[in-house]
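*Asks:* Okay, here's the structure, questions in a sec.
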Amino acid sequence: MVKKNIAIMINSLVAGGAERAAITLGEYLCRQGHSVFYFLFTDNRKPFFKVEGKIVKTYIFFPFSSDLSQKDNIRELFFSAYSLYQLKRKYQIDISISFMEAWNFLNVCSKCKDKLILSVRTVISERTEYSGLLYDPVWIKRLYNRADSVVAVSEYVKEDLIRKYGIKRKITTAIPNVSRTYPLINNYREWIDGDKAIVTIGRMDVVKQQERIIRAFSEIIKMNKDARLIIVGDGKQMGFLRKVKHNLGLDDYVKLPGTESDIGFYLKNARGFVLASRVEGFPNVIAEAMAYGVPIITTDSPGGCGEIVGKETSSDELQFCKYGILTPYIKGNATIEEEISREEKILGEAMSKIIQDNDLYRKYADMSLKRANDYSVENIMCKWEKVCGLKD
């Protein structure tokens, strides 16, 4: 096999699903004997991840701004792309794999002799909170179709790109994220939250809608005082979530431990894992929870959640799918004063069933482990190697 110089372009090495996916790919390619270079935007934040391969200081700042006109943004795009073009030449890059919209634009505009692979991690059409050049359908169609391959993180994302942005089907493929477990950092750490703890993990951002989970959980506590909800993560919504749980009288039942490096500790002890995001391309955390044999409860959000649990049809009712429990989509963030919605009550019912029904718990614990095998490193990396042209 011919060894290649491969650039992986990602915003930063702080904690995040796209970052974990990029690093998993980079580590695998390093182990196959390829030279991997991480191209990052200039970022003063301390890296969360350590990597195999070389980190390249690009001195490229995030080149797009909502404060600039489209004309100015286009100028910044091509200025930054020229800097990236020089770096590709310096490191003799054979394959350039970019993650997320800004790097996808720059990757295409800095084309050398390299093979261009763009990775799309979200349902772009659903990210209505974003605007500007990166999300302009005309520019996406114009640039993404110049790539050798566009890799969507789920079938839903793939079809969204084809139908709404005119990306050529022949260059578009779906490759999900890897399901993995984490080594315990502290083997002697004591679990004090009992055997009825529902866990969710993710940055505290409006798109994650963790307040919906807290509100749904308030229905469980009426019947089961031993239940606990643990939301692992941090972000700008932390203060709001504290207010939500306090307003519902859940201070003793809902825990917000902040950012944790010992993710395995929580997944190893969870009774169930829950997600209620407004949109998810393909949530790493669901696949990772499955690798621990944790039953999955998720709302039917646009994106890959339904695919993971084996959704067969759309419904506004509770669905017991092959690999997990699916509840109706909850669109939009809640206020503190809002009454508990029908959809939140159904989400609470699903969590309650996993807590109370041991047969159902064991069934979905087993199905989670089976589903996790579909997202093994071997299966997913084989797909990436084919896209990169490293394997027939």
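*Asks:* Might you let me know whether region 92-99 holds any residue that is without any contact (Cβ under 8 Å) to a residue 60 or more places away in the chain and either outside the structural domain of Ile297 (by TED's automatic domain parsing) or within 23 Å of Arg371 (Cβ to Cβ) (or both)?
*Replies:* Checking region 92-99: not a single residue is without any contact (Cβ under 8 Å) to a residue 60 or more places away in the chain and either outside the structural domain of Ile297 (by TED's automatic domain parsing) or within 23 Å of Arg371 (Cβ to Cβ) (or both).
*Asks:* Shifting gears a bit: Would you check which residues across region 324-365 are among the polar types (S, T, N, Q) and in contact with a strand residue (DSSP E or B) (Cβ under 8 Å, 6 or more places away or on another chain) and list them?
*Replies:* Answer for region 324-365, where residues must be among the polar types (S, T, N, Q) and in contact with a strand residue (DSSP E or B) (Cβ under 8 Å, 6 or more places away or on another chain): just Thr327.
*Asks:* Moving to a separate point now. Is it the case that Lys57 is exposed (fewer than 14 other Cβ atoms within 10 Å of the Cβ) and either within 29 Å of Thr259 (Cα to Cα) or not β-branched (Val, Ile, Thr) (or both)?
*Replies:* Working: exposed (fewer than 14 other Cβ atoms within 10 Å of the Cβ): yes; either within 29 Å of Thr259 (Cα to Cα) or not β-branched (Val, Ile, Thr) (or both): yes.
Spelling it out, Lys57 is indeed exposed (fewer than 14 other Cβ atoms within 10 Å of the Cβ) and either within 29 Å of Thr259 (Cα to Cα) or not β-branched (Val, Ile, Thr) (or both).
*Asks:* Looking at the structure I just gave you, is Phe62 in a loop (DSSP other than H, G, I, E, B), within 24 Å of the chain's Cα centre (by Cα) and either touching a residue at least 24 places away in the same chain (Cβ under 8 Å) or assigned by TED's automatic domain parsing to the domain that holds Gly235 (or both)?
*Replies:* So Phe62 passes the test.
*Asks:* Considering (1) within 14 Å of Ala216 (Cα to Cα); (2) buried (at least 18 other Cβ atoms within 10 Å of the Cβ), say which one Ser368 fails and leave the rest.
*Replies:* Just one mismatch for Ser368, condition (1).
*Asks:* Against the definition (at pLDDT 90 or above, among the hydrophobic types (A, V, I, L, M, F, W, C), closer than 21 Å to Ser96 by Cα and over 26 Å from the mean Cα position of the chain (by Cα)), how does Phe79 come out, yes or no?
*Replies:* Values: at pLDDT 90 or above: yes; among the hydrophobic types (A, V, I, L, M, F, W, C): yes; closer than 21 Å to Ser96 by Cα: yes; over 26 Å from the mean Cα position of the chain (by Cα): yes.
Criteria met by Phe79.
*Asks:* Another one. Of the residues Val56, Val2, only one is assigned to a loop (DSSP other than H, G, I, E, B) and either among the β-branched types (Val, Ile, Thr) or assigned by TED's automatic domain parsing to the domain that holds Asn284 (or both); which? Before the answer, list the steps.
*Replies:* Numbers: Val56 fails: assigned to a loop (DSSP other than H, G, I, E, B).
Just a single option satisfies the conditions, and that option is Val2.
*Asks:* Confirm whether Cys305 is in the same structural domain as Ala270 (by TED's automatic domain parsing), more than 21 Å from Glu159 (Cα to Cα) and crowded, with 18+ Cβ neighbours inside 10 Å. Steps first, answer last, please.
*Replies:* Numbers: in the same structural domain as Ala270 (by TED's automatic domain parsing): yes; more than 21 Å from Glu159 (Cα to Cα): no; crowded, with 18+ Cβ neighbours inside 10 Å: yes.
Taking the combined requirement at face value, the residue does not satisfy it.
*Asks:* Determine whether Tyr323 is outside any loop (DSSP other than H, G, I, E, B), of a type in the set (Phe, Trp, Tyr), surrounded by 15 or more Cβ atoms within 10 Å (Cβ to Cβ) and not assigned by TED's automatic domain parsing to the domain that holds Val36.
*Replies:* So Tyr323 does not fit the description; no.
*Asks:* Which of the helices (runs of 4 or more DSSP H) found entirely inside region 196-297 contain at least 3 residues meeting this: surrounded by fewer than 23 Cβ atoms within 10 Å (Cβ to Cβ) and outside the structural domain of Leu326 (by TED's automatic domain parsing)?
*Replies:* none
*Asks:* Considering only residues of region 366-392 that are small (Gly, Ala, Ser) and in contact with a strand residue (DSSP E or B) (Cβ under 9 Å, 6 or more places away or on another chain), which is farthest from Asn5 (Cα to Cα)?
*Replies:* First, the residues of region 366-392 that are small (Gly, Ala, Ser): 368, 372, 376, 389.
Now narrow it down to the ones that are in contact with a strand residue (DSSP E or B) (Cβ under 9 Å, 6 or more places away or on another chain): 368, 389.
Details: Ser368: 36, Gly389: 13 Å.
Among those residues, the one meeting the criterion is Ser368.
*Asks:* Given the conditions (1) touching a residue at least 24 places away in the same chain (Cβ under 8 Å); (2) more than 30 Å from Asn269 (Cβ to Cβ), which single one is not true for Pro176?
*Replies:* (2)
*Asks:* Among the numbered conditions (1) within 24 Å of Asn177 (Cβ to Cβ); (2) assigned to a helix (DSSP H, G or I), tell me where Ser98 comes up short.
*Replies:* (2)
*Asks:* Say we look at region 25-54 and pick out the residues that are touching an Asp or Glu at 6+ places or on another chain (Cβ under 8 Å), among the charged types (D, E, K, R) and surrounded by 13 or more Cβ atoms within 10 Å (Cβ to Cβ); which of these is modelled with the highest pLDDT?
*Replies:* It comes out as Glu27.
*Asks:* Right, another one. Which ones in region 48-77 are of a type in the set (D, E, K, R) and over 13 Å from Tyr38 (Cβ atoms)?
*Replies:* Correct list: Asp67, Lys71, Asp72, Arg75, Glu76.
*Asks:* Among the listed residues Leu143, Leu116, Leu184, Leu106, which satisfies the condition of being closer than 30 Å to Val232 by Cα and either of a type outside the set (Phe, Trp, Tyr) or assigned by TED's automatic domain parsing to the domain that holds Phe41 (or both)?
*Replies:* Among Leu143, Leu116, Leu184, Leu106, only Leu184 is closer than 30 Å to Val232 by Cα and either of a type outside the set (Phe, Trp, Tyr) or assigned by TED's automatic domain parsing to the domain that holds Phe41 (or both).
The values are calculated or read from the model by the stated rules, or taken from the named source; none is laboratory data. As the structure is a computational prediction, the values presented were derived from the model and not from experiment. For neighbour counting, all protein chains shown are included, and Cβ atoms are generated from backbone atoms with ideal geometry for every residue, glycine included.
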